[in-house]
Structures are given as C-alpha cells and as structure tokens.
Amino acid sequence: MESRADIPRYSMPDEVQHTYSKFSDWKFKLFRVRSMEKVPLPSEPSPNVVPSKPPGEVGDVGPGHPGSLMRLCLGGKSKENVEANSQRVDQKLQEIDTHMSCLKSLCRLCGMSLHKAKGPEHEAQGALDEGSRLSLRRMGCKAQGWPDVILKVFKVDVTADMETVHPQTFCHRCWMAAIRGGGFCSFVPTKVPEWRPHTSGCPLCFPTRPSAYQRKGRKRAKALRRAPSLAKRRKWEAQGSAAGVGGKRMLRALVDQQQQGPVSRSRVKPGAQRALWVKNITLCQKEHLSAKLLPADLPADFLCAVTCQVCDHLLSDPVQSPCRHLFCRGCILKYSRALGTQCPACSLPFQPTDLKSPPKTFLAVLQSLSLLCPREDCGERVRMDSFRAHCLDHLQQRQPEKDDPLGLHTDRELDRYLPVNKGGRPRQHLLSLTRRAQKHRLKELKNHVRAFADKEEGGDTKSVCLTLFLLALRAGNEHKQADELEATMQGRGYGLHPAVCLAIRVNTFLSCSQYHKMYRTVKATSGRQIFQPLHTLRAAEKELLPGFHPFEWQPALKGVSSSWDLGILDGLSGWTSSVEDIPADTIARRFRYDVALVSALKDMEEDIMEGLKEHGLEDSSVTGFSVTIKESCDGMGDVSEKHGNGPPVPEKAVRFSFTVMSVSVQVEGEEAGVLIFHEMKPNSELSCKPLCLMLVDESDHETLTAILGPVVAERNAMKESRLILSLGGMMRSFRFHFRGTGYDEKMVREMEGLEASGSTYICTLCDSTRSEASHNMVLHSITRSHQENLERYELWRSNPFSESADELRDRVKGVSAKPFMETTPTLDALHCDIGNATEFYKIFQDEIGEMHARGDNPPSREERRRWRATLDKQLRKKMKLKPVMRMNGNYARRLMTAEAAEVVCELVRSDERRQALRELVELYMQMKPVWRSTFPARECPDQLCQYSFNSQRFAELLSTTFKYRYDGKITNYLHKTLAHVPEIVERDGSIGAWASEGNESGNKLFRRFRKMHARQSKSFELEDVLKHHWLYTSKYLQKFMEAHKNSAKALQATINPEEIVDDSDMLLETPDF
C-alpha cells in the first residue's frame, strides 16, 4: 500500500514546515474541537491509543525548545502523539464529503427527502426546462431561470448558494407549488429551512432520535416480511454503499470495521480517498486537464510545480498564494469556502485578495508544456497553449466509427480535454466593455455575419444584424422594444435618447418654446414620443455642465474654496470697490476655472482612456498626467440687441475661453512624457470652451482687470497644485500648464500693460522701435516676458532715477500699465494673416496709382479713394470678391493668392513693377504656411527650411523696390512675420495651432445663442448663453451630432425655413489694421 509520504505533496519533512502549522497542531488539541476528533481513517491508528515513550526522552528537550510549550499545553504529551496537519485536513474533507452526500438527498426549499416526493428533481440554479417555461409563460411569467421563480414564489435567493452548505435541487412538490402560483406566488405555505455550514454537531450528519417521552402515541405499524439475509461480505458492501445517505451509517461501519479487525477487502488509499473528497468540492474533472497527459519521465518535483495543490490537475488560470504555492483560481476559491481560508499545502492563513498571478516566466514555461493527445490514433505531442485548437481540429475532422456511427463517444472523450476558463475574475458583460474590446470579442461573429450578408443579402450587414436583434426581441416577448427597433429600421424613429435630443436642440439653436412646440407637434402627429420633454433634457445637462463631478486639489488651492459643486458664478464676485464706490455698470457670468477644467477632462474621458490603451500603458506604470491649456481672450465687437432691459451696459462683449491642447503621461523609467491625446482641430469653435462672458469694452482696462482678476488668481493657484480626479474608475493626478497665446495685438498690449499698437515700440516680443525694425527687418530675437514687464512697470511707477518722461519711457520700453495676466510671447496667426492682407491691399492701391514715381508728392484723399474703387471693381469683376468695410479672415484668404496678384497686375502699367509685385506675393505665399499651419514640420517641411531665405529676400524687396512705403516705418505684423517666426516655431513647434481662431469663430455662436435666449433680463440671458455655449463644445454631444448630422440640418430647415448662411460664408469681424 502506498503511504502518504510517497505522494510528492506530502513528502515535505516536519522540519521545514511553516511555524503557523505547528501552532495549529497543538491549538486544536488544546481546545479539543469536536469536528477534529472523529474516527480516523482505516489506515491510521486510533487517537485514543497513545504509544508509550521511554522515560529518558521526556526531559531531553529544554525549556527553550519550541516543543516544550506544546508538551506543557498538551499535558506532557510529545509532538509525535499530536495529529499531523494533513490528517486533520483529510478528516475534515471526509466530514464535508459526508455532509454534501446528505445534502444531495434533500430538497432546497422544503428540506424534505427527495425520494419521498414522487417525481423528477429540478436544479435550483438551472435554467427553465421547456415544459416549465411554457407553463409559466401562459400565466405571464417571463423568467428564464429557476432562481428568478424561486425568489418570487418562495422569497429565497438561491444565486449565492454554496455546494457545501445548500442542496442544489428541489423536489417535485415545490415545483408544483411554483407552477400553480404562476411563478409569482405560492398557494401552499412552504417553510424554507435555514441551511447552515457543517459543524461538529451538524443535525444532518448526526441526527438525534427523540426520546420515548417525546414520541407520538401512535400504534406501531406491522413489520413487513424481510428479505432473505445477505452474506456478511455483501452486507458489509451494502452498508458501505448506503453511506452516501447519512454520515452516521458510514461512521458506524468504520467503527465496526476497526473493532472486527482487518477484512480481506482492497481498501482505498488515503491519498486517493482525499483526492476524491477534494474533487467532490471543486468539481473540475471536466474543466481542467489531467496531469497524465504529461510525459512520464518528468521529475516528481516538476510535476508538483505545474499541478494544482488542490485538484492535482494541470494549472488552469493559476494563482499564487503568499506562501508561494500554486493553485487553480476556481479550485482554491471553492476550497477556501468549504474548509476555510488557509493554504492546503502548509495551512498558512490567507485572504482571497492575497492571491496574485505567478511570474510571466513561469506562465511561459507552463504554456510550453508538451501534452499527449488523448486520441488513440493520433499520439501527437502538442503544446499546452495550442492544445485546445488541436482537440477542436479532431472534432471537426473526425471519422465515425463502426461502434459509434454518430461519433458521440469521441466527442465526449475530447470534450474532457478542452480547457474551460470558469474560475477567477468574472467575465465582463459585453456592454460594459470599450468599443475596441467589443470588436475583439465579436470578431469571429462579425466575420460570419459579413460572409452571410455578402452571400445572401448583397452585403447589407446592418440589415442582417438589426433583423437578428429584432427576432431575438420577438422570441423573448419583448414586443415593446421590438416595435421601437422596427420603427427605427423603417426610418420612423422611436424614443430618442435625451442626450440626442439635447444635441439636436443645442446644435440647431432651438429655444425652449420652439423645442416644446416641436415636441408636441411630433407627438400629436405620429402618436409616439420620439423627442423627450424638456425636463429630461435639463437632467441630461447637469452631467455635462461644470459642478457635477467631485474632485480634490493637493495641496488645497490658495484663496480658492474647496467646494466642487459650483455652477455659473457672477463675474463681479471678485470685484473690489473703487474709491468713489461707484457700482459696476457691467454684467459678467463665468465658471470657476478649476471646476470647468474638471468638466472638460471628464468630457474627454473616453479619448484619454483610448489613448492609454493605444500606447499599451498600464495603470500601475502611469505616475501622473500633464495637461496643456491654451487660453484665448478677445472682444466680440458690437453685440447690441433690441430686446431686454436692465441697467445701462455697453453693448460690447468679451469672451475668455480655453482649449485642452494635449494630455501626456509620465511613465516610470522614461524622462520624456508619452502623448496620449492631442487636439486635432485646435482652431475650431467646437474645441474652444467658454469660461467667462462679460458685457464690457475690451479697451476698458480697469473693468477688464477687475473681472479677470479672480480668474488669474485661480490660474496661479492651480500651477502650484495637482488635481486628484476619478478617471476610468481610478483616482488619477493631473498637473496643468497654461499658455496664453490666443490674443490679438490689442489684447496682448492690454494684458501686459504696453502702449497702444501705434506706439514707437512696435513689437510685443522684442524692444525694437519702428525705425529700428524698418532698417533691420530680419535679425531680431524675443526679449520681452511677463516678469520683465512687471519689473519695468515698477520702474515706471516709482521712477527711482528721477528721469524725465522721455528718458523713463525709453528705459521701460513702452510699459505704461501694470500687467495683470501672463501671456506667452508668440504670434497670433489669424490676426497676422489679416494684418498682412490689409498691408498688401494698400500696396496694391499704391501700385495702381504708381506711388513709386511720385517721390515726395503725397496723393490726395480723392486720389486714394479712386485707386481703392478701381481695385475693388477689378476684384469683384474678375474674382467675384465683394468689398468689405473691414478686413476679415475670409477676405484675407482669397486676397492673398496668385490669382489675385495676376488680377491686380492687369492694372499696373510697368512690367518691372508687375514682376516685383508677383515675386513679393509669391514669397509671401511661400512663408504663410509656416506660421498658418497646425503642424508645419509635417505639413510644409520644404517651406519651413526655406523660410529664412524667403524672409531675407522679402525684406530686401521691401527696402528697395517698395522703399517709398517702408522707409523708416513698418507694420507690426510684417515685423513679426519676418523677424520672429523661425524662433517661435523652433520653441513651440507650431504657431497656427496656438492661434485665437477658435475664439474668433465663437463670435457668431454668441449672437446665435443670444437670439435663441431672448429673455427679459440680460443677467439670465447671459447665463443661458454661457450654458448652451459650453454644451455646444461638449465632445459627448458632438459624437451624437456626427451620427445625426443630416437629420439635424433637415430638422432645422423644417423648424426655421429661413436661409441659413453656411460656415464658410461667415465673416470674422476684426478691427481694422
């Protein structure tokens, strides 16, 4: 007989056992747990017989030895008399197996024995059979499984049942009670017993018979005629086979066997018996691969390493305990639920959360094991990772045998070796996955559907999928959803999502009354509620507006409240009273800066998480996120309307907005960050989020400073802290980098405290004067900064050297006011294009009037008007370019072309002047893409390399051929174009991406939204404009509008049939240069 020591798992000597196992050895003896003192196995001696030890061995162990404490606690017994840990585990397994055998014969609901209720048994956690499902369906019950029916009828939840505690079947009587109640109630009162785990006094394994006084006084029934007595051997076997009915019979048989002595019967080995008990708990015989598939010449230690320490099968979804023993995930979880959370190998206590995956090197070795194919005629050695595919090939290519014409036996044999992953982490639902994971899971099904659609339906995959979904809904009696889907398939629409309705309302500029009118009209005419009412739209707005998502700053922002549930604020909340205490004659509404940034990041959550997955970054390797913000601020000109009342306010508005340009992460072990998100359209009005709207003139420095003061304070506080925000189900940290680049020339001078654009100091980037810039057009560098402007303002204010006004002005280089907001020294591409086009428009007029031949004789005003009228007439005739009062972006783009240069050259008489004009325009067209494109190094690399040469040649033409106009003077934007573009591109990588074009494009949105919310009070009107402008820029709603773009335009044409001006025809109003 093979002993336990022959098995590799139990061959570990006592000296290397964990210390916790020694403690547990004498702990159970000390407290004498009854469940651990049952009758031992047949191959083990009785615990009551204590072998005697020589008297000389009692005092051999000193008091310092670990065994002295055990001997003291056990009353002088030695360590050899204490039961080993493995014996007690086997005894516990035996009791659990007996307890589970008792549970198999009982009903889960009424507790009665199953053989007393005539009829079939039913699985408590199984699906409804066809007869039961049809019977319940006639009574209106749409349940698909027995757990739902039992929960409604018997008020018991069986989904969390354990095999070691609860019976898994219920009797036919309870089935009849559920069917008669229609799956909703029970007409027969059924008392559901309370099932408890196995204990030392378990009433199932050790039933107590009532005493004679407690028995009922009924007459004993007459004994039936007994069957002839069996032989002793057959009687013993019959008693052994009946041990599955009750644990007491088995224990009684074991006691009788020990008293009678050994029997000439082949007993089950202890190791094999323990394996059978464990398999009854894990039930993994059909799921895990057997270790017999491995080659026979492998070492025993290696076999122990690649097999589960619970079920002795090959590891499936292996996990590692803190004591570094390996198990199958499903087996160790079932084992711990039945026998407690301790290691089966060393009894070290652990928690299920302590289990972790083994190293990748071990997993590679495990997957590379060669297994023997179970098919008799194959005999091939296959790697473990390709074993499933190999068995599936046999199933597909099998040949029916004579004895098995259908091949059922072969299928069953091979099915045993197909690994099934039913343990460990639960499989996520399809709808909870990302779009990329959904595509990966449904890839095979998608290929099958596409092949069927190409073969049968002419490639219409969408109709095939919708029809399958419709049939599934009909089969499940989900007729309401089926009707909605069928209406959608037929183009009639049915029950749009509130977010879709909100996106349609915002993007078509419908007021509340217009949307409600459309909602009632569509509902009355179609009889269906296609659009959602206004109150559902308002509920959807809350999740998209700032103030909905909680967050935290570490450390807390200085001078900023820690509240996060803040909506629209009064822009004058930070207003400081002036000396005269005059109330502010303006209206302003804004979001708090940090709350708005949190809402923008949550709106981009899907894009950020998708970027992490595309770069293969794990959450553990990402230390923090870095967000780059572009700030823009510009006046919107005259926005006066004829409606509304209130205090007298200027009808000029200013908008401060921001754009999330990029998001990068810092990965451990890498110095440079990884870019996971980059705004592809940084100059679109859809990416420019409004932060503050104010009815104020942009030239009012005092009012603008007072309103934007709190914004600047919040901005400076956020630079020194980091944001803690939940993104993708985890708390993540963000740091922000702000760049104020979206400002025109006028706004930059306003914020940096510089003199007006007509000042002697021409540039906001360097200290050169207009005269210096005209003589040296190219060789300049960026010297100004926000900190330097602050220092120069202190000199201007204090005049420490007691200089005159001219000397002091020359020292501070044009700084005359205190800079209140930091801006990045750069070039605004949009206004640079407009300013240069304005200058070329004047050059064209001068060439028509031949200014180069006049000398010192300046033209009169009438002559200039005549030249301008001639130019406008020629452009309108040849290019259909209508004249404008002020230069705008669209006019500038059409004017600065080679076609326009040829049209103008028709009015120039001299061939030399025409050639010079063509060359000047051609050089400008070569330089323009460098500072106008979003990614110059990728979009125009040749022009970027030739920019220095082109700028030198351009400056040479201006100083020679066109010297009559640029002798001692030059415009601001021409100076920046020639002198500073290469340095800015080298520093930032782009100029066009950081322009203010997105903020300028939002001017038309302000007028549309203001017309949409014509209310009595301008304060509430400004709130609605800010709210809906924010919703207009939401990426969440933009995705809906991409799918409903055509329907939205058709809906707008239906509601408001007025002529809608296309975006390309909308002109950007900018100041004249």
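The values are calculated or read from the model by the stated rules, or taken from the named source; none is laboratory data. The shown structure was predicted, so the numbers you read here are calculated from the model rather than taken from an experiment. Heads up, the Cβs are rebuilt from the backbone with ideal geometry, glycines too, and the neighbour counts pull from every protein chain shown. In case anyone asks, the SASA skips ligands and DNA or RNA and just uses the protein heavy atoms, side chains included. Shrake-Rupley method; radii C 1.70, N 1.55, O 1.52, S 1.80 Å.
State all residues of region 542-576 that are exposed (fewer than 14 other Cβ atoms within 10 Å of the Cβ) and assigned to a loop (DSSP other than H, G, I, E, B); if no residue qualifies, say none. Of everything in region 542-576, those that are exposed (fewer than 14 other Cβ atoms within 10 Å of the Cβ) and assigned to a loop (DSSP other than H, G, I, E, B) turn out to be P550, P555, A556, K558, G559, S561, S562, S563, D565, S573, T576. The single residue among S101, S132 that is among the polar types (S, T, N, Q), crowded, with 17+ Cβ neighbours inside 10 Å and either in contact with a helix residue (DSSP H, G or I) (Cβ under 6 Å, 6 or more places away or on another chain) or part of a strand (DSSP E or B) (or both) turns out to be S101. The residue pairs whose first member lies in region 715-732 and is over 20 Å from R592 (Cβ atoms) and assigned by the TED database to the domain that holds V598, whose second member is of a type in the set (F, W, Y) and modelled with pLDDT of 90 or more, and whose beta carbons are closer than 7 Å, counting only pairs six or more residues apart or on different chains, are R732/F625. Based on this model, can you work out whether A539 counts as among the small types (G, A, S), open to solvent by less than 20 Å² (accessible area, probe 1.4 Å) and closer than 29 Å to A596 by Cα? Spelling it out, it is not the case that A539 is among the small types (G, A, S), open to solvent by less than 20 Å² (accessible area, probe 1.4 Å) and closer than 29 Å to A596 by Cα.
Number of residues in region 278-295 that are open to solvent by 40 Å² or more (accessible area, probe 1.4 Å) and closer than 16 Å to R383 by Cα: the value is 1. Considering only residues in region 434-481 that are part of a loop (DSSP other than H, G, I, E, B) and not polar (S, T, N, Q), the one that is modelled with the highest pLDDT turns out to be L442. Taking the numbered list (1) within 19 Å of P546 (Cβ to Cβ); (2) at pLDDT 80 or above in turn, R1008 passes all entries but (1).
Results for (1) assigned to a helix (DSSP H, G or I); (2) surrounded by 15 or more Cβ atoms within 10 Å (Cβ to Cβ), shown as yes or no for each residue.
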| position | (1), (2) |
| --- | --- |
| M887 | no, yes |
| R909 | no, no |
| E919 | yes, yes |
| R938 | yes, no |
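In this structure, does L875 turn out to be closer than 20 Å to T838 by Cβ and either of a type outside the set (G, A, S) or open to solvent by 20 Å² or more (accessible area, probe 1.4 Å) (or both)?
It is true that L875 is closer than 20 Å to T838 by Cβ and either of a type outside the set (G, A, S) or open to solvent by 20 Å² or more (accessible area, probe 1.4 Å) (or both).
Here Y519 meets the list (1) open to solvent by less than 60 Å² (accessible area, probe 1.4 Å); (2) within 32 Å of the chain's Cα centre (by Cα) almost entirely, failing just condition (2).
Of all residues in region 1006-1036, those being surrounded by fewer than 22 Cβ atoms within 10 Å (Cβ to Cβ) and either touching a Pro at 6+ places or on another chain (Cβ under 6 Å) or among the aliphatic types (A, V, I, L, M) (or both) number 3. For region 732-764, enumerate the residues that are of a type in the set (A, V, I, L, M), more than 23 Å from L957 (Cβ to Cβ) and touching a helix residue (DSSP H, G or I) at 6+ places or on another chain (Cβ under 8 Å). Hits for region 732-764 are L754, A756.
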